[in-house]
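Heads up: the structure comes next, in structure tokens.
No lab work stands behind these numbers, since they all come straight from the coordinates. Computed from a prediction, not measured in an experiment: that's the story for all the values here. Here the Cβ is made from the backbone with ideal geometry for all residues, glycine too, and neighbour counts use every protein chain on show.
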Amino acid sequence: MQAEIIAIGSELTNGEKLDTNSQWLSTELAAAGIATHFHTTIADNLDEIIDQLRLSASRSDLILITGGLGPTLDDLTRQAMAGLTGTDLVLDAESLAIIESMFLKRYREMPERNRIQAMFPEGAEPIKNEHGTAPGIWMTVPRDGGEGICHIAAMPGVPSEMKPMFFESVLPRLVRGTRIIRFARINCFGVGESKTEELLGDITSRGRDPEVGITAHEATITLRIKAMGESNDDCEQKISATYEQIRERLGDYIFGYEDEELEHVVVTLLNESKLSVATSECGTGGLLSYRLTEVAGSADCFKWGTVLARVDAFSADGALALAKSTRETQACDFGLAILLDLNQSWQDRENAPQAFVALASDNGAWVEEIGLTVNRAIAKSRISKAALDLLRRKLLKIER
């Protein structure tokens with residue numbers, strides 16, 4: 001079964017809101033062995049939605065739609081589905097009674113406009129919504145030329161309504177794939193995207209099973225593994241074997257898996273060793289301490305965070321001195337410091353701001369200079385990660 005997902009709403013196409021529904025649905029379909037081949041986002045335009053539905057129905061076995069089922073004039077999904085099949089909208093008395101009862105429970109009179117939510121393309125089936133007023137719609141249409149059929153499920157755009165509807169009423173209707181699809185992620189820091197691909201070599205080649213893709217976000221490199229197999233065990237074995245191959249080639253550039261960030265790893269290492277850290281940072285607005293304090297258990301190892309507006313010496317020696325004084329004044333095992341110069345011009349890449357990260361402990365002190373050619377927001381994120389990675393490497397006794 002080949003699927004595609006359509007997200008409807010001008011708030012998505014104009015950037016007011018982010019479409020997270022399509023990502024979530026793709027993951028859930030993959031877990032059922034159903035591959036998603038297309039994502040489409042459409043503004044609230046009836047003719048354009050109908051055109052897209054015709055195209056989608058001609059090439060896919062399953063279409064999942066989110067959004068456009070509300071009572072307002074710009075909610076056009078049901079009208080578009082009727083336009084696709086050339087049918088009228090008809091009132092479903094049972095759905096109307098459910099909607100009216102929901103308003104009664106809230107001690108509110110149902111606006112007349114909400115009747116539209118109980119209307120469905122002729123031949124379609126309502127999907128009960130246990131968490132809102134907008135029922136979903138299930139419909140099956142023949143393919144052009146009479147070869148095969150396409151199943152269409154329209155669901156609310158609100159995730160808290162869409163997700164239970166998918167699990168309870170849509171997923172049970174689907175023909176699951178005979179092959180299971182599983183995903184895994186490996187997170188790396190300290191190596192660029194192109195260098196990562198070079199080190200991995202044939203592991204990222206097209207057509208490989210499992211597939212391995214590379215994405216970069218604010219200096220974190222994520223390797224996305226997609227495995228297909230006859231069972232979960234089959235997929236896990238493929239992922240495990242690929243893990244080993246990647247570890248052999250990337251080594252200590254790997255810091256975590258799945259949703260792990262550098263701060264999670266650092267807090268775990270500190271707590272396991274019963275060690276503590278204090279930070280001082282200039283130019284990051286406190287991002288380093290924010291990252292640490294967002295991790296559960298950080299109160300046991302993170303003792304102090306200082307944000308400086310300026311420093312007297314913007315240099316490697318200045319960063320080292322700040323790391324040492326931070327450790328001494330807070331009586332911690334580690335003092336971690338960041339100096340980021342936000343005052344230099346960002347227009348000339350050759351004169352882009354430089355940054356220093358420094359770490360001090362009773363075993364020594366270390367400083368690294370970071371060259372930055374990115375915008376301010378990304379620079380802050382990258383430099384805070386660089387500081388965390390320096391601490392991670394020293395905790396693990398990794399030398400580069």
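So, in nm, how far is label Asp234 from label Leu396 when the simple model puts each one 7 Å beyond its Cα toward the Cβ?
Simple spin-label model gives 3.3 nm for this pair.
Roughly what angle does helix 46-59 make with the longest principal axis of the chain, taking Cα atoms, 0 to 90 degrees, to the nearest 10?
For helix 46-59, the angle is close to 90 degrees.
What residue among Ala219, Ala43, Ala30 shows peak mean-square fluctuation when the chain is described by a Gaussian network model with Cα springs under 10 Å?
Ala43
Take every DSSP beta bridge with both residues inside segment 2-173 and express the antiparallel ones as a percent of the total, to the nearest 5. List each step's numbers first, then the result.
Values: 12 of 29 bridges.
Taking every DSSP beta bridge with both residues in segment 2-173, the antiparallel ones total about 40 percent.
Please state, rounded to one decimal and in Å, the Kirkwood hydrodynamic radius that the chain gives when every pair of distinct Cα atoms enters the mean of 1/r.
Details: mean 1/r = 0.0403 Å⁻¹.
The answer is 24.8 Å.
If you take every DSSP beta bridge fully contained in the chain, what fraction is antiparallel? Give it as a percent rounded to 5.
Of those bridges, close to 60 percent are antiparallel.
Between Glu147 and Arg173, what is 0.36 nm times their sequence separation minus the Cα-Cα distance? Round to one decimal in nm. Numbers along the way, then the final one.
Working: separation 26, 0.36 × 26 = 9.36 nm, distance 2.06 nm.
Once the chain is fully extended between Glu147 and Arg173, it gains 7.3 nm.
Mean separation of Cα pairs under 8 Å and 6+ residues apart, divided by the residue count of the chain: what relative contact order is that in percent? Intermediate results must be reported in sequence, preceding the final value.
Working: 753 pairs, mean separation 41.1, N = 400.
The value is 10 percent.
Please check: in the Gaussian network model of the chain (C-alpha springs, under 10 Å), which one of Glu218, Glu112, Glu328 has the largest mean-square fluctuation.
Sorting by GNM fluctuation, first place goes to Glu112.
Does a label point 7 Å from the Cα of Arg115, set along Cα-to-beta-carbon, have any residues of segment 124-140 with amide nitrogen under 18 Å, and which are they?
What the label zone holds, given the 18 Å backbone N cut-off, is 134-135.
Where does the charge balance sit around His37 when Lys and Arg score +1, Asp and Glu -1, over other residues with C-beta under 11 Å from its C-beta?
-1
Which loop chymotrypsin sites (Phe, Trp or Tyr not before Pro) in segment 97-140, with loop taken from DSSP, have no more than 11 other Cβ atoms within 10 angstrom of their Cβ?
Tyr107
Take the residue pairs Lys238/Lys380; Lys303/Lys394; Lys226/Lys397; Lys195/Lys226 and return only those whose Cα atoms are more than 27 Å apart.
Long pairs (Cα-Cα over 27 Å): Lys238/Lys380; Lys226/Lys397.
Run the simple label-point estimate for Asp51 and Glu248 please: 7 Å along Cα→C-beta, distance reported in nm.
Spacing of the two 7 Å Cα→Cβ label points: 5.2 nm.
Calculate, for Arg310 and Gln2, the FRET efficiency according to 1/(1 + (r/R0)^6) with r their C-beta to C-beta distance and R0 41 Å; round to the nearest 0.05.
0.10
Can you list the trypsin sites (Lys or Arg not before Pro) in segment 80-169 that are in a DSSP coil and have 15 or fewer other beta carbons within 10 angstrom?
Arg106, Arg108, Lys128, Arg143
What is the sum of charges, Lys and Arg at +1 and Asp and Glu at -1, for the other residues whose Cβ falls under 11 Å from the Cβ of Leu395?
On the way: positive: Arg392, Arg393, Lys394, Lys397; negative: Glu272, Asp333, Asp389.
After counting each charged neighbour, the total is +1.
Size of segment 1-160 along its principal axes in angstrom, Cα-based, largest extent first?
46, 34, 30
From the residues Leu339, Ile181, Leu12, which one has its Cα farthest along the dipole of the chain in the positive direction, the dipole being from +1 and -1 charges on Cβ of Lys/Arg and Asp/Glu about the Cα centre?
Most positive-ward Cα: Leu339.
Would you calculate a helix-derived [θ] at 222 nm for the chain, using -39,500 (n - 2.57) for each DSSP H run of n ≥ 4 and dividing by the full residue count, to the nearest 500?
-10500 deg cm²/dmol
Once fully extended, how much extra length lies between Leu89 and Glu260, figured as 0.36 nm per residue of separation less the alpha-carbon to alpha-carbon distance? Please report the intermediate quantities before stating the final value.
On the way: separation 171, 0.36 × 171 = 61.56 nm, distance 4.84 nm.
Between Leu89 and Glu260, full extension yields an extra 56.7 nm.
If I model a spin label as a point 7 Å beyond the Cα along the Cα-Cβ vector, how far apart are those points for Arg206 and Ile378 in nm?
Inter-label distance under the simple model: 2.6 nm.
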